[in-house]
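Below is one structure, written out as structure tokens, with a few remarks after it.
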Amino acid sequence: MLVVDDHPIWRDGTARYLAEAGFTVAGTAGSGAQALRIAAAVRPDVVLLDLNLPDLPGAEVIRGLLAAVPPTRVLMLSASGERQDVLDAVTAGALGYMLKSARIDEIVAAVRAAAAGQPVFTPGLAGLVLGEYRRLAGGGMPAADRAAAAGGARETGPPVPRLTDRETEILRLIAKGLTYPQIATRLALSTRTVQNHVRNTLTKLQLHNKAELVRYALENGVD
């Protein structure tokens, strides 16, 4: 993995804690340009990225990382919990967003979740992003409903697949940042059953991973 932060003490300390937790830290970077160069060389599975770097906007760095190393998962670790900062990071492709106020064990758990492809957020941030998407979408009406209500020009593509109540419930919890085991516990299901529902939802929506699933939930006001 790659740790990117312009504060040397924070960057080196975080890298050390993650190495002690069993992660292979392939490198560290103090700027966006340096992060892009190192990522292209070491091809990390996870990039722990600070939002505010001295040279490039965080969203631009995210897009650059995903373009250079498509399989990588970008997890934000930032001091900013501002709505627009979180929204920009998620729409650029970040899999999760953690605040620097989180405990080190929470950061370690978040990195593990990201490495497994699971979206993860500091509690409260997922709901914040969902609320902003609803506002931008015009009061929370899903895109398909807005198109139907317009009565004028309509999409000519295939209809949006209908999810079952259980699939929608699980999608909502994924968007809130819960892991598969947490969802299983909350809904009194097995983890395998939750995974099967997610797999079915991905197939129905023609999506490829949980990051795309979270973006779908945010864009369609699933909350």
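The values are calculated or read from the model by the stated rules, or taken from the named source; none is laboratory data. In this text, all values refer to a predicted model and were calculated from it rather than measured experimentally. Please note: Cβ atoms are built from the backbone with ideal geometry, for glycine as well, and neighbour counts cover all protein chains shown. Heavy atoms of the whole protein, side chains included, go into the accessibility calculation; ligands, DNA and RNA do not. Shrake-Rupley method; radii C 1.70, N 1.55, O 1.52, S 1.80 Å.
Worth pointing out:
- Hits in region 184-204 (condition: without any contact (Cβ under 8 Å) to a residue 24 or more places away in the chain and over 15 Å from Tyr216 (Cα atoms)): Ala184, Thr185, Arg186, Leu187, Ala188, Leu189, Ser190, Thr191, Arg192, Thr193, Gln195, Asn196
- Any hit, region 59-69, residues being part of a strand (DSSP E or B) and either touching a Ser or Thr at 6+ places or on another chain (Cβ under 7 Å) or crowded, with 23+ Cβ neighbours inside 10 Å (or both): no
- Index of the failed condition, Leu207 passing every other in (1) touching a Phe, Trp or Tyr at 6+ places or on another chain (Cβ under 9 Å); (2) closer than 11 Å to Pro119 by Cα; (3) in a loop (DSSP other than H, G, I, E, B); (4) among the hydrophobic types (A, V, I, L, M, F, W, C): (2)
- Residue selection: Pro44 fails the criterion of being at pLDDT below 90 and at negative phi.
- The set of residues in region 92-121 being in a helix (DSSP H, G or I) and either modelled with pLDDT under 85 or over 21 Å from Glu60 (Cβ atoms) (or both) consists of Ile104, Asp105, Glu106, Ile107, Val108, Ala109, Ala110, Val111, Arg112, Ala113, Ala115.
- Looking at Gly27, Gly32, just one residue is over 22 Å from Ala211 (Cβ atoms), over 16 Å from the mean Cα position of the chain (by Cα) and open to solvent by less than 20 Å² (accessible area, probe 1.4 Å), and that residue is Gly27.
- Qualifying residue in region 122-130 (condition: part of a loop (DSSP other than H, G, I, E, B) and either within 17 Å of Leu2 (Cα to Cα) or at pLDDT below 80 (or both)): yes
- Exactly one residue out of Ala188, Ala217, Ala211, Ala175 is open to solvent by 60 Å² or more (accessible area, probe 1.4 Å) and hydrophobic (A, V, I, L, M, F, W, C), and it is Ala188.
- Residues in region 40-67 that are β-branched (Val, Ile, Thr) and more than 19 Å from the chain's Cα centre (by Cα): Val42 only.
- Condition met for Ile9 (open to solvent by 60 Å² or more (accessible area, probe 1.4 Å) and β-branched (Val, Ile, Thr)): yes
- Residues in region 36-57 that are crowded, with 18+ Cβ neighbours inside 10 Å, in contact with a Gly (Cβ under 9 Å, 6 or more places away or on another chain) and within 22 Å of Ile104 (Cα to Cα): Pro44, Leu49, Asp50, Leu51, Leu53.
- Some residue of region 178-195 being at pLDDT 80 or above and touching an Asp or Glu at 6+ places or on another chain (Cβ under 6 Å): no
- Applying the set (1) more than 19 Å from the chain's Cα centre (by Cα); (2) under 15 Å from Arg73 (Cα atoms); (3) not in a loop (DSSP other than H, G, I, E, B) to Arg37 leaves exactly one unmet item: (2).
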